[in-house]
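First up is the structure itself, then whatever we jot down about it.
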Amino acid sequence: MGINLSEKQIKEWRGVVVVTDPTWGDNGKGKIVDLLSSRAQMSIRYNGGPNAGHTVRNEHGEFKFHLIPSAIFNPDCLSIIANTVVIDPIKLGEEILALRKAGIAVTEKNLLIGQNAHLIMPWHRIRDNFAEMIRTGEKIGTTGKGIGPTYADRTERLGLQMRDLVGSDFEKKFVREIDRQERLISVMEGKEYHFEKKEMYEQLLSAREILAPLVNEVMEKIDSFHQKGKRILGEAGQGALLDLDLGTYPFVTSSHPGVVGFNLATTIPVKSINEVIAVTKAYTTRVGAGPMPTEDTGALGERIREIGKEFGTTTGRPRRCGWLDIPALRYGAQVAGADSLALTKLDIFDEFDEINLCVGYELGGHQVDKISHADALFLHEARPILKSFPGWGENTTQIRDYEKLPQNARHFIEKIEEMVKVPIKIVSVGANRIETIYR
Ligand code: GDP
Ligand code: IMO
Ligand code: MG
């Protein structure tokens, strides 16, 4: 298991590589997927939905994808949106049109959409916001994109799928579903609720026109590529600490960003994945509510947010920032199934005199340096134990050779991998595809 991720080895890569995120998302998955995509033959976005925002910056410009797989720029790679992703058809249609406008071909030759993927409809967003409104404790701070209610309908075995949208009896199914949802929302709101059916239906028909040629049975394709030993790339949404079952519940999303999510989407056994790369920034961020032991609400958090431009890709909300949380990262890497780490945004610390790592937590006089579950109550109360490292005071964005990084930067990187117990094989020193160091 495991591949060497030197640039040369990426060129020679065979088999399956999954790119995921060990913490609370936004660690730079889009960048790393784009980086690997040039060699991929198939790429699969495997969980979540338009709550994701993945930034890609390459020779085509800067793009922020919510549903489109970040490997879309390789015309020879078949990108797939898996059955386990929840899709807002109107939003996906818009993303496809925007890409075509930018001169990127999107056809059934390079993008397929799983026919069993569930559709996010306007009522899901209403229910998402309603659920937040009536929460008595701390709100989750969801993205408001309707993710939870769409997965809830799927769990209840209700709702519409992609195959319904492109099927001949869509109108009938749409009417039946809207009736059910109107009854549900009327009960929730305590008054009669009606949707603008005609307008909504027309919008869906326009989206259908764009999406229909791309909707297909994808499992057979995935299996056949896998059986032939082709290079398959997985792309997660969110991050392992937002996993429904293993994250900081209830402050989580409704899907599985780790390696099991890839398995659920593809049937490719976890043991036949060649490398799971967990992408983490050199510091920690979180958007939305929930515990974050290293959050700094003062000048430091502000400084990281300013230099790191830490504002949500999907909602524009300021991200909560703090030092890299090693115990959380170590646990998240375990949930993610990480074989290696890609460390991004090292360059954000170029002008810092001092950098800290959270090496453990303190609570009620007890110290821990490792956690085996993401207990939200514990993490709310835990105080970070910090270890200080000297900065390097040098611009790293032009560096492409690990040995040419300043000594202090290498020391910092090597301490992280030593404590997380997962090797760092990629170091990213800028948002652009080329601003990357392979080890
Ligand atoms: P994702 O959701 O994991 O794909 O990450 P996002 O795209 O939401 O957020 C990551 C942000 O960091 C994006 O704006 C990227 O362009 C940017 N980025 C990624 N890697 C680097 C890096 O090494 N240095 C800098 N300065 N920016 C980076
Ligand atoms: P990418 O793929 C960061 C967070 C939300 C909220 C919680 C639940 O760009 O890394 P949801 O709308 O999913 O029900 O919200 O999860 N969240 C993300 N945070 N990056 C993401 O995606 C996220 N997707 C959801 O902020 O706290
Ligand atoms: Mg993001």
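Values for this structure:
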item	result
Residue in region 378-394 that is closer than 30 Å to Val16 by Cβ, of a type in the set (Phe, Trp, Tyr) and buried (at least 16 other Cβ atoms within 10 Å of the Cβ) present	no
Condition met for Tyr402 (over 27 Å from Met292 (Cβ atoms), more than 23 Å from the chain's Cα centre (by Cα) and either among the aromatic types (Phe, Trp, Tyr) or open to solvent by less than 50 Å² (accessible area, probe 1.4 Å) (or both))	yes
Residue that is open to solvent by 20 Å² or more (accessible area, probe 1.4 Å), at pLDDT 95 or above and on the phi < 0 side of the Ramachandran plot, where the choices are Ser272, Ser224, Ser255	Ser224
Region 184-204, residues that are of a type outside the set (Lys, Arg), open to solvent by 50 Å² or more (accessible area, probe 1.4 Å) and free of Cβ contacts under 8 Å to residues at least 40 places away in the same chain	Val187, Gly190, Glu192, Tyr193, His194, Glu196, Glu199, Glu202
Qualifying strands (runs of 3 or more DSSP E) (wholly inside region 317-380; at least 2 residues being closer than 24 Å to Ala236 by Cβ and within 18 Å of the chain's Cα centre (by Cα))	320-325, 340-344
Criterion violated by Ile437 - all others in (1) open to solvent by 20 Å² or more (accessible area, probe 1.4 Å); (2) of a type in the set (A, V, I, L, M, F, W, C); (3) free of Cβ contacts under 8 Å to residues at least 40 places away in the same chain satisfied	(1)
Single residue of Leu92, Leu67 found to be outside any strand (DSSP E or B), in contact with an Asp or Glu (Cβ under 7 Å, 6 or more places away or on another chain), buried (at least 19 other Cβ atoms within 10 Å of the Cβ) and among the hydrophobic types (A, V, I, L, M, F, W, C)	Leu67
Number of positions in region 161-183 that are open to solvent by less than 70 Å² (accessible area, probe 1.4 Å) and of a type in the set (Ser, Thr, Tyr)	0
Residues of region 269-316 satisfying the condition of being β-branched (Val, Ile, Thr), part of a loop (DSSP other than H, G, I, E, B) and out of contact with any strand residue (DSSP E or B) (no Cβ under 6 Å at 6 or more places or on another chain)	Val287, Thr297, Thr314, Thr315
Residue among Asp325, Asp347 that alone is acidic (Asp, Glu) and within 16 Å of ligand 2 (Cβ to nearest atom)	Asp325
Selection count, region 10-63, where residues are within 9 Å of ligand 2 (Cβ to nearest atom), open to solvent by 20 Å² or more (accessible area, probe 1.4 Å) and outside any loop (DSSP other than H, G, I, E, B)	1
Residue count, region 237-251 (criterion: within 16 Å of ligand 1 (Cβ to nearest atom) and in a loop (DSSP other than H, G, I, E, B))	5
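Here is a yes/no grid of residues against (1) in contact with a Phe, Trp or Tyr (Cβ under 9 Å, 6 or more places away or on another chain); (2) within 16 Å of ligand 3 (Cβ to nearest atom):
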{"site": "Ala52", "(1), (2)": "yes, yes"}
{"site": "Ile68", "(1), (2)": "no, yes"}
{"site": "Phe73", "(1), (2)": "yes, no"}
{"site": "Leu99", "(1), (2)": "yes, no"}
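The values are calculated or read from the model by the stated rules, or taken from the named source; none is laboratory data. A quick note: this is a predicted structure, and the numbers were derived from the prediction, not measured. Reconstructed Cβ throughout: ideal geometry from the backbone, glycine too, with neighbour counts over all protein chains shown. Note: accessible area is taken over every heavy atom of the protein model, side chains too, but ligands, DNA and RNA are not part of it. Shrake-Rupley method; radii C 1.70, N 1.55, O 1.52, S 1.80 Å.
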